[in-house]
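Take a look at the structure below.
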Amino acid sequence: MIDFNKVINDPWLENIVLASVPFYKYENGCLVANASGCLVEVNGKKFLLSISHSNLTGPNWTVETKSNLGNGNTGQFLLVDRMKPLAQIKFDSSLFDSSKTKIVDFTYCMVNNQFITYHTLRINNNQELIAERTVFRIERSYSPNKNLKYGFFGHINFKKNDCKPTFDFRLESNLKFVDEKDEFYVFELDHNYGSHYNYLGCSGAPIIDENNNLAALVSFGNRKKNLIYGIKIRDYMPALIIDTI
């Protein structure tokens with residue numbers, strides 16, 4: 001369990017926690033899946049971003065607008081519009097080849113500009129701090145820096161089909177950028193990756209640097225090499241820009 005008293009006394013850790021917005025899928029009133037995402041602003045419009053491999057483009061997904069740590073339950077939710085997937089198309093010579101089309105692990109939807117989401121940081125049994133989650137502005141010129149720390153946060157280990165779900169948390173605060181591969185930035189953990197179950201629910205979580213810049217969204221990991229792959233957000237900004245026109 002994360003010591004949120006430590007989090008609120010460390011701006012770097014607090015930035016990581018407040019960067020991540022939880023997504024939940026409910027069926028018949030019970031939780032069946034969860035993931036993570038973040039809020040960004042592009043041309044004065046707000047968007048929710050996440051990944052597509054958790055079936056986030058399907059129906060019945062909600063986003064947490066206000067958490068309620070301490071009583072074992074999550075807080076207030078908003079049913080989101082269907083998230084939009086993206087297809088990445090490669091061209092051979094001047095001819096379009098449909099076999100070169102693939103779905104990118106990136107999805108998004110526009111939300112109302114007044115949309116705000118809050119996280120409850122539990123300080124102790126008698127005190128909580130409610131803080132607004134971050135709204136990022138994406139820089140097309142952004143590139144990761146090997147001299148900076150990176151981190152992400154997500155809710156993990158929920159009990160499937162539990163109608164009063166509880167969670168553990170995953171907070172990574174010492175990732176190192178090591179490589180760039182296709183549409184991914186590659187980050188190295190400072191410890192053993194362990195089981196994939198340690199990260200279920202972190203898919204889509206924003207990976208930020210210690211200057212609170214948004215770099216990528218958690219996509220998948222390599223257990224043998226202790227690596228985390230994050231989808232490059234800057235590459236897909238044109239889709240967001242088009243939606244603001």
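The values are calculated or read from the model by the stated rules, or taken from the named source; none is laboratory data. Not measured: the values here are computed from a predicted model. Every residue, glycine among them, receives a Cβ derived from its backbone with ideal geometry; neighbour counts consider all protein chains shown. Note: accessible area is taken over every heavy atom of the protein model, side chains too, but ligands, DNA and RNA are not part of it. Shrake-Rupley method; radii C 1.70, N 1.55, O 1.52, S 1.80 Å.
The table below gives the values:
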{"quantity": "Qualifying residue in the range 157-176 (condition: modelled with pLDDT under 95, assigned to a strand (DSSP E or B) and among the acidic types (Asp, Glu))", "calculated": "yes"}
{"quantity": "Residue in the range 131-146 that is modelled with pLDDT under 95, open to solvent by 70 Å² or more (accessible area, probe 1.4 Å) and closer than 16 Å to Ile16 by Cβ present", "calculated": "yes"}
{"quantity": "Total residues in the range 16-44, condition open to solvent by 50 Å² or more (accessible area, probe 1.4 Å) and either at pLDDT 95 or above or acidic (Asp, Glu) (or both)", "calculated": "2"}
{"quantity": "Candidate set: the range 129-143, residues that are under 17 Å from the mean Cα position of the chain (by Cα) and part of a loop (DSSP other than H, G, I, E, B); chosen: the one nearest to His119 (Cα to Cα)", "calculated": "Arg133"}
{"quantity": "Those residues of the range 186-229 which are in a loop (DSSP other than H, G, I, E, B) and of a type in the set (Ser, Thr, Tyr), in sequence order", "calculated": "Tyr193, Ser195, Tyr199, Ser203"}
{"quantity": "Residue match in the range 219-235 (condition: modelled with pLDDT of 90 or more, among the polar types (S, T, N, Q) and either more than 18 Å from Lys149 (Cα to Cα) or open to solvent by 50 Å² or more (accessible area, probe 1.4 Å) (or both))", "calculated": "yes"}
{"quantity": "Hits in the range 179-217 - residues which are open to solvent by 50 Å² or more (accessible area, probe 1.4 Å) and closer than 26 Å to Arg137 by Cβ", "calculated": "Asp179, Glu180, Lys181, Asp182, Glu210, Asn211, Asn213"}
{"quantity": "Spans of strands (runs of 3 or more DSSP E) in the range 71-111 with at least 3 residues open to solvent by less than 90 Å² (accessible area, probe 1.4 Å) and modelled with pLDDT under 70", "calculated": "84-92, 95-111"}
